[in-house]
Structures are given as structure tokens and as C-alpha cells.
Amino acid sequence: MLQLVVGQLLNGVIVGTLYAIIALGVTLTFGITGIVNFALGAFMMLGAYITWSLTDAAGIAYPLAVPLAVLCVAALGLVVDQLLFRFTRNNLINGLIVSIGLISVIVAVVLMIWTTTPQNMHYVLPGIFRVGGVIVPKMKAVVFVVLLCVILFTYAALTRTWAGRAAYAYAQNPEAAALMGVHTRVLQAGVAAYSAGLAGLGGALYASLYSITPEIGSGYILKGVEGAILAGIGTVMGSFAGGIIIGVAEGIGSIFFPSAYNDAYGLVFLVLILLFKPAGLFAPQR
Amino acid sequence: MKAWLLWIPLLVVPAVVHNNVVLTILIFTFILGILAVSFNLIFGFTGQLSLFHAAAFGLSAYATYLSMAHWAISFWLGMLVGVAFVTLVSIVIGAICFRFKLRELYFAIVTLAFSELARLVILNWTTFTNGSLGVNFTLTPTLWIPGRGVVAVEGTTMWYYLSLAAIVLAVFAYSRIVHSWMGRCFASIRLNDELADTLGINVFRYKLTAFVAANAGAAVAGSLYAFYISYIDPHYFSIDQSLAIIAMALLGGRDYVAAPIVGALVLTALPHVIEVNAEARLLVYGLILILTILLMPHGIAGMVARGRRVS
């Protein structure tokens, strides 16, 4: 029993970092552009498909395919930001609806190119670690480490570099930041591209673990938004913790309840948090 | 010209048009129109993006069918069960959301969460709902018609008049609400709910009223829709359904009670006018949402109204 619990706990943490990378993108775009980009889930799905095409169809090595996919998705993120989201800045409802529209456009295009058949990538890194009685596939460990590094890097970049501090300043007070020489339009475009890139990375890594379908995006963006709100939208390490909390809740929950209700735990958590700590777990309460 | 006169030609359509495809499109337009018009009460008039609307639609479809199948009651009683059930659920969810003052994004996310929960329950409670396979059924609504007694509602013409009557009633009811003091409270909440609160408007009560009244309309649409196509499945609750509802309301125009019907007509007729597959339809829905928001945020009705003012 203990073995099962520990196994699910580890599994939850690993899936949780995938949620966290999306949650981080949600938090960053929300902080800087004032909109919640639901299309990040679709970007993630696209990242997974591009990675799969690059490795299994074009024969490019996986470690090279991942950055390529991330770049493609980030570029797309930049393009849609300049074409669409630039006109919905700080209008939450309009931004939400545009991003919902964008999801169906991306899903439709993906369906036309890759059809509904689930795609499975060949094993990138077979083999397992055995810790006590608990089995962890090597690839899952790698994915966890890579995502953790990226999240820590983002945190460091935001707190230690000029651009990062400019982003923080902008999130707190746009006008004062602009007066201090923060180039608003460049910052917003950069953050939009970076968030899309994060989602693309999540997808590229996801591709090595599970089968890819056009529906994965909607599940992950829901968890990502839940994670971001759970922690208090706008905090970087909070969104990391939020993602992990939801991942672990699902892992542990699936031991005691039918796994069909797996998607419900995050939702229940979210509702409870919003009701009792409306600003989120880690943000200062109003 | 009085706008309600536009309804009169619709009365004679089945006498003139014998094309079943056209009538079927109109029936779907009327039923989905109820859905879009009711959604617009909470979205367009009260300014709250509720993502529970598709769930209200689906819950009522299931409640109506299940109550009829298990208790052997008539369709109209079944619909009453559906509406009552949705009203009850909406009061609970609305009370939670509005008591805790969830706004904008938070309201949208929490209502989405509840509608996902509803979908999961319907999907997994297989003994009762038959899970993802859904239920095909043969039950039909009945009507008492003077001179002919109680007859089953069958065939395109009867459904046409039934759905027309339903949407006329819905538009009448919602425009009475919107043009009353209640509607002005909704508008004040949409424009600035903190100011509305300061002015002594009970924001909680009116948000809840709008939410429940909107979902009750969705419930009526759900019962009618389920019995028109004689089939229920968890797709009633899907994100695509919510998407279609938002698209209809936006495309038609969120400033007028009846405007979303125009959106419903366009989106229902579109797949028939140009033959497209499911993927292309998804693409078109998405593009319509994006382009409407960016290019004509007040929808077709808004464009027409502006054109009239200019000329």
C-alpha cells in the first residue's frame, strides 16, 4: 500500500510539472498582457505533434527535435499575439473568447494534418529506475528534471535580469514601468512568445511519455489554469506549486476513487481555494 | 417599423416552403436560438461569461428523458422536471459563485469547472445514463389540439410550430425581463458592479436571478432539442457546445434580446449551404469567434443598427 502511495505520489509530481509549465505560461501572459490565453493548451498539443513529426517522420534526433519544436511554437505564439491578442490587451473577456476561437482553429488544422488517430512516439529513453520498490521510468525522471530546470531558470531570469525585473515592474504598475523606460510592446510580445515556447516545451516532452491526440491540449490547459489560479495568478513559484498540487491530488485520488473521476479533483480543489482564499494559496490576500 | 412584425412571415413558412431541409434548419435555429438568447441574458446583458450554459442544456435533456422513462410522465411534466432540476442546480452554483464575489475570469473558470463535473458524472454514471454511448429513444411529446384531441408531436411541420412558439415565448419573456427595472439592474452590474452595489442594488440577488433565468431557458432548449433529435449523449456538455453558444450570441449581437437568433441561423445554416466536414466546421467556428470579436464586437445586429443610424 505504501509502495502504491509513494508511486502515485512520484507520478503525480512528474505529471504536475507538466501542468506547472502550462500554469507558468498562463501566469506570465496574464501578468503582462492582462489576458488568460487558453490557447496555450493548443500550443502544447501542437508542440507534441511537431516533435513527433520531426523525430518519427523526419528522423531528427529527439534532443534536437525538442528545441526546434519549441522555436516553432514560440514563433507561432508571437505571430498570433501580434495578429490577434494585441487588440484584446487588458480586455479579459474578449481575450478569452479570441483564445477559445484560436483553440478550435488550431485543433481543426491539426485534425486535417494528423487526423484523430493517436500517435505514439518510439521510446526515446527506455529503461527504469528502481528506488526501493517504486519504479520510475528513466524518461519521466528526465522530463521532470528538464522542466524543473526551465522553471527555476525562468524564476532566476525574472528576478535577476533587467528584462525580468522590467516584467515584474510592468505587472505591478504598467504606467510607472513605461516611464522608467520599459518598452511595453516589446515586453508584451516577448512574454507572449516565451509563454508559447514554454507550452511547446511541455508538449515536446509530453510526446516522449504518452500518446498524442488532438484532445490533450484541453485537458492540460484546464489543469494549467487551475494550477495558476490555485496558487494565486501572478506568482512564478506559486504556479509551479499549483501544478504539482493538482498532479499529486490526481495521483493520490486515483488510489481511493475510480480513475474516471481523475479530472475532477483539480476542479474541486480549485473551487474550494477560490471560495476560501480567493487570491490563491501563495498570493497576499486582499 | 416594429421589430416584432418580423415574426409574422415565419408563421406561414411551412405553407409556402415544402423543402424539409429548410424547415429543419429553421427548427434547429429556433431551438438553438432559445439557447443563445438565454445565454445572452447572463453574458450580454449582465456581463458575466458563464460557461455553465451547455451543462444546463445537457442536464435538462437528461433529466427530461430520465424522468419520462422512469416515472412514465408526459413530456411537458418531464420538461418541468428538467427546468426545475436545472433551476435548483443553478441556484446552488450561482449562490456559491456570487456569494464569494467571483468575477470575470474566476466566474468563467468556476462555472466551467462545474460544467466539467456535470459532464464527468453523466459520462461515468453508466447504469443510469448509458455513459458515452448515449440513449436513443422513441418517446415523443404530445399536444392537445382543439378538435383533434391529444396527438404526438411528429413530423417537420408540427415541430416547426412547436419550436417557433417556444422561441417566441422565450424572446417575449426575456425582453420583458431586460426592459424592466430588473434589466436596468443587470445593466448596472454589467457596467460597474461596485458602483451598482454602492447605489444600493443587491448585486448578489440580481446576478443570481440572471444566472438562474438564463439557465432555465437553456433547460427548455435542452428538453426540446433532445426530443427533436430523439437522442442524448454527453456531447451536449462538450466544450464545442459552449463554443457554439458563445459564437451564436456574439455573431448575432449581444445588445438585443432577439439578435442571437440571427447568429443561430447563420451557424446552423452554414454547414448546409457550404458542404464541409467536421474539421472545417470547427475551423469556421473558431474563425467566426475571432473575427467577430476583432472586427464587429456588436455582431450582425450591431452592424445593421449602425448602418441604419448612418443612413
Open item on the list: Considering only the stretch B:233-246, I want to know if a residue exists there that is more than 26 Å from B:L117 (Cα to Cα) and in contact (Cβ under 8 Å) with a residue 24 or more places away in the chain.
Closed with: no
Open item on the list: Just to verify a result, which residue in the stretch A:89-112, among those that are more than 7 Å from chain B (Cβ to nearest Cβ), out of contact with any Phe, Trp or Tyr (no Cβ under 7 Å at 6 or more places or on another chain) and modelled with pLDDT under 90, is surrounded by the fewest Cβ atoms within 10 Å (Cβ to Cβ)?
Closed with: A:N90
TODO: Given the conditions (1) more than 18 Å from B:Y206 (Cα to Cα); (2) of a type in the set (S, T, Y); (3) in contact (Cβ under 8 Å) with a residue 40 or more places away in the chain, report the number of the one that B:S67 does not fulfil.
DONE: (3)
Task: Residue match in the stretch B:54-73 (condition: aliphatic (A, V, I, L, M) and within 30 Å of A:G234 (Cβ to Cβ)) - done: yes
Open item on the list: Quick test for you: out of B:G155, B:G147, B:G134, pick the one residue that is away from every other protein chain (no Cβ under 13 Å) and under 30 Å from A:I97 (Cα atoms).
Closed with: B:G134
Open item on the list: For the structure I just gave you, tell me whether B:F85 is among the aromatic types (F, W, Y), on the phi < 0 side of the Ramachandran plot and modelled with pLDDT of 85 or more.
Closed with: yes
Open item on the list: As an exercise: evaluate B:L270 against (1) in contact (Cβ under 8 Å) with a residue 40 or more places away in the chain; (2) assigned to a helix (DSSP H, G or I) and give the number of the one condition it does not meet.
Closed with: (1)
Open item on the list: For the stretch A:140-147, check the following and say yes or no: at least one residue is charged (D, E, K, R) and surrounded by fewer than 16 Cβ atoms within 10 Å (Cβ to Cβ).
Closed with: no
Task: Hey, A:A207 more than 10 Å from every other protein chain (Cβ to nearest Cβ), within 13 Å of the chain's Cα centre (by Cα), among the small types (G, A, S) and buried (at least 22 other Cβ atoms within 10 Å of the Cβ) or not - done: no
Open item on the list: What's the total number of residues in the stretch B:288-311 that are more than 10 Å from chain A (Cβ to nearest Cβ), outside any helix (DSSP H, G or I) and out of contact with any helix residue (DSSP H, G or I) (no Cβ under 6 Å at 6 or more places or on another chain)?
Closed with: 2
Task: Subset of the stretch A:233-266 (residues that are at the interface with another protein chain (Cβ under 10 Å from one of its Cβ atoms), hydrophobic (A, V, I, L, M, F, W, C) and part of a helix (DSSP H, G or I)) - done: A:A260, A:A264
Open item on the list: So for the stretch A:23-39 (the condition being without any contact (Cβ under 8 Å) to a residue 24 or more places away in the chain, farther than 16 Å from A:L152 by Cα and surrounded by fewer than 20 Cβ atoms within 10 Å (Cβ to Cβ)), does at least one residue qualify?
Closed with: no
Open item on the list: Checking the structure you have, find out if any residue of the stretch B:68-83 is closer than 24 Å to B:P271 by Cβ and among the small types (G, A, S).
Closed with: no
- [ ] Give A:F30, A:F38 a once-over and let me know the one that is of a type in the set (F, W, Y) and farther than 25 Å from A:P118 by Cβ.
- [x] A:F30
Open item on the list: Within the stretch B:10-111, considering only helices (runs of 4 or more DSSP H) that don't extend past its boundaries, which have at least 1 residues that are within 14 Å of another protein chain (Cβ to nearest Cβ) and surrounded by fewer than 23 Cβ atoms within 10 Å (Cβ to Cβ)?
Closed with: B:75-99
- [ ] Please work out which one of (1) more than 12 Å from every other protein chain (Cβ to nearest Cβ); (2) within 21 Å of A:V80 (Cβ to Cβ) is the condition B:A258 fails and give its number.
- [x] (2)
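The values are calculated or read from the model by the stated rules, or taken from the named source; none is laboratory data. In this text the structure is predicted, and so the values were computed from the model without any measurement. Here the Cβ is made from the backbone with ideal geometry for all residues, glycine too, and neighbour counts use every protein chain on show.
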